Amino acid sequence: MDDTRRELLRSWLTKAASDLRSARVLGSADDAPLDTAIYHCQQTAEKAVKAFLVSKEISPEKTHDIRKLTLEAAVHEPRFNEVMDMAVSLTPYAWEFRYPDDLAETYPTREEFDEALQHAQAIYDFVLNLLPADARP
């Protein structure tokens, strides 16, 4: 991997780590804004999978669909199928709680957030473990 690609990969992973920290901080507040915190869980996983794609010299599609990104990553690393259910569960959090809707709940439950945070951490760790140490932030 050349230096430019490695730096781009690190940038994606750094942004993913920042989203993960944001989710934790927001989710731990006394009056936690879980709608915003859960969005950062989705962003963590999305950016982590995009980082993997960058490591394979693929320019990731501009999409929030982690399932779609994970399917693309699985072409290059079949173990991505192991995290597919988590990717599917996180995908809607890119939009589900971000806008008011008279027909739907606009805030996640604590249980939904806790599960999303676990999935985001798992996908982030999964991707890190697939990458060479010198590409990690």
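All of the numbers you see were taken from the coordinates with simple rules; none came from a lab. Just so it is clear, the model here is predicted, and its values are computed rather than measured. Cβ coordinates were reconstructed from backbone atoms using ideal geometry, including for glycine residues, and neighbour counts include every protein chain displayed.
Every pair of different Cα atoms in the range 2-58 enters the Kirkwood calculation, which places the hydrodynamic radius at 11.8 Å.
Evaluating 6.51 cos²θ - 1.76 cosθ + 1.60 at θ = phi - 60° for every residue in the range 79-95, the Karplus couplings come out as 5, 4, 4, 5, 10, 4, 4, 5, 4, 5, 5, 7, 3, x, 6, 5, 9 Hz, glycine and proline recorded as x.
Among the chymotrypsin sites (Phe, Trp or Tyr not before Pro) in the range 55-137, which ones are in a DSSP loop with at most 14 other Cβ atoms within 10 Å of the Cβ? Mind listing them? Please list the in-between numbers first.
Numbers: sites: PHE80, TYR93, TRP95, PHE97, PHE113, TYR124, PHE126; in loops: TRP95, PHE97.
When the chymotrypsin sites (Phe, Trp or Tyr not before Pro) of the range 55-137 are filtered for loop state and at most 14 Cβ neighbours within 10 Å, TRP95 remain.
Each Lys or Arg adds one and each Asp or Glu takes one away; over the other residues whose Cβ falls under 14 Å from the Cβ of LEU117, this sums to -4. Counting Lys and Arg as +1 and Asp and Glu as -1 over every other residue whose Cβ lies under 15 Å from the Cβ of LEU26, the net charge comes to -2. Choose one of ALA122, TRP12, HIS64: the residue whose Cα lies farthest towards the positive end of the charge dipole of the chain (beta-carbon charges +1 Lys, Arg; -1 Asp, Glu; about the Cα centre). After comparing all options, I get TRP12. Computed on the range 3-135, the Cα convex hull volume stands at 100 Å³ per residue. Once you list every other residue whose beta carbon is under 12 Å from the beta carbon of ALA17, what net charge do they have if Lys and Arg are +1 and Asp and Glu are -1? Within the 12 Å Cβ shell, the charges total +4. Considering only ALA17, ALA94, ALA122, the mean-square fluctuation computed in a Gaussian network model of the chain, springs between alpha carbons under 10 angstrom, is largest for ALA122. Rounded to the nearest whole Hz, the Karplus-based 3J(HN,Hα) values (6.51 cos²θ - 1.76 cosθ + 1.60, θ = phi - 60°) of the range 71-77 follow the sequence 4, 5, 5, 5, 4, 9, 8, with x at glycine and proline. Principal-axis analysis of the Cα atoms of the chain puts helix 34-55 at an angle of about 10° to the longest axis.
From the helices alone, meaning DSSP H stretches of at least four residues, give me the mean residue ellipticity at 222 nm for the chain, per-run term -39500 (n - 2.57), in deg cm²/dmol to the nearest 500.
-21500 deg cm²/dmol, from helical runs alone.
The C-alpha atoms of the chain define a longest principal axis, and helix 3-28 lies at about 20 degrees to it.
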